[in-house]
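Structure first, then comments.
The values are calculated or read from the model by the stated rules, or taken from the named source; none is laboratory data. From a predicted model like this one, the values you see are computed outputs, not experimental measurements. Please note: Cβ atoms are built from the backbone with ideal geometry, for glycine as well, and neighbour counts cover all protein chains shown.
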């Protein structure tokens, strides 16, 4: 299904742009946020400006996958997990081929806390989202996140699960996990890198 092209104000400078443009021709800022890396280094006032522009465009186009994914990335950066999660889930409804949407939705389920303190329902849902992400595109960082969930929730509570965190770490390494990916994962999660993951 082709994504509808939406006219909106550039989140960077306010110029009229459309959602099929990768960057604004005036300020050269991104129009649609497709990756967390796009917002990672943005200052908070700019993130708020982007989130506002997307909310305004979503008022008229609530089912637009690109806009929902973009506002979700902004909310995630702002640590507004309860707003980010529904936006990621809305983006998933019509676009099943973006593995990062599933991955970041799984991250939102921890709400910035360690996995050990989450509910079993949230952990199970996060693992289901990670499975979906891995089916779309098996990346080392996805397996590492699942390993963290298994280690910090199931294994710390002495609950049996398969695969184990050690097996998942092996899968992460086999799928190209880099030290940078590891560090970025725990930075986005907002938790310290556990000793077993260093």
- Filter result (crowded, with 16+ Cβ neighbours inside 10 Å and part of a loop (DSSP other than H, G, I, E, B)) within segment 63-77: 64
- Task: Only residues that are in contact with a helix residue (DSSP H, G or I) (Cβ under 6 Å, 6 or more places away or on another chain) and touching a residue at least 12 places away in the same chain (Cβ under 8 Å): list them for segment 155-181, please.
- Result: 156, 165, 168, 169, 171, 172, 175, 176, 177, 181
- Breaking point among (1) under 20 Å from residue 99 (Cβ atoms); (2) assigned to a helix (DSSP H, G or I); (3) without any contact (Cβ under 8 Å) to a residue 60 or more places away in the chain, for residue 188: (3)
- Scanning segment 34-48 for residues that are in a helix (DSSP H, G or I) and buried (at least 17 other Cβ atoms within 10 Å of the Cβ), the one modelled with the highest pLDDT turns out to be 47
- In the set 7, 23, which member is surrounded by 14 or more Cβ atoms within 10 Å (Cβ to Cβ) and in contact with a strand residue (DSSP E or B) (Cβ under 6 Å, 6 or more places away or on another chain)? 23
- Note on the structure: Exactly one of 88, 102, 116, 96 is in contact (Cβ under 8 Å) with a residue 12 or more places away in the chain and not in a helix (DSSP H, G or I), and that one is 96
